[in-house]
Amino acid sequence: MRKIFATALAAALLMPALAIAASQSFYDKKAAEAAGSGQRTVSLYVDVDLGARKSGSATELNQSHRAFNANGFDVVSVVGYTENGDLQGFFVTYVRR
C-alpha cells in the first residue's frame with residue numbers, strides 16, 4: 001500500500017513540472033520556427049487549461065513571452081478569448097525587433 005501511495009504522490013508532484021516543460025518546448029519550437037522563416041509578425045493562441053485559469057494562464061503567457069523574446073520578438077497584443085463567460089485562452093501577437 002505504501003508503494004502505491006508513494007508512486008501516486010510522485011506522479012502528482014511531477015505532472016505539473018512535465019506539463020510546464022512540454023508547453024515551454026512548444027513555445028520554443030514556435031518561436032524558433034517564426035524566427036527561422038523570417039516572419040516579421042506572428043500570432044498564436046495560448047490555451048488555458050480548465051482548472052488553471054488564474055495562475056495557469058499567467059504561467060502560459062510568461063512561457064510564450066519568454067520563448068518569443070529570446071528569439072527577437074516583442075509582444076504587440078494580448079486578447080482574451082472567452083466562451084460562455086469562461087476564459088478559454090489568449091490570442092497573442094508578437095513583432096520582430
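Since every read-out is calculated from the coordinates, none of them should be taken as a lab result. Predicted model only: the values in this text are computed from it and were never measured. Every residue, glycine among them, receives a Cβ derived from its backbone with ideal geometry; neighbour counts consider all protein chains shown.
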For Gln88, the residues 5 or more places away or on another chain with a placed amide H closer than 5 Å to its own amide H are Tyr81, Thr82, Glu83
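Just subtract the alpha-carbon distance of Tyr81 and Lys29 from 0.36 nm times their residue separation and send over the number in nm, one decimal. Kindly include the intermediate steps, with their values, before the conclusion.
Values: separation 52, 0.36 × 52 = 18.72 nm, distance 2.31 nm.
16.4 nm is the gain from fully extending Tyr81 to Lys29.
Applying a 10 Å radius around every beta-carbon, put 79-89, 63-73 in order of their mean neighbour count, most first.
On the way: 79-89: 11.0, 63-73: 18.9.
Put in order of decreasing packing, that is 63-73, 79-89.
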A student asked for the Cα radius of gyration and Dmax of the stretch 37-97 in angstrom ought to give 12.2, 37
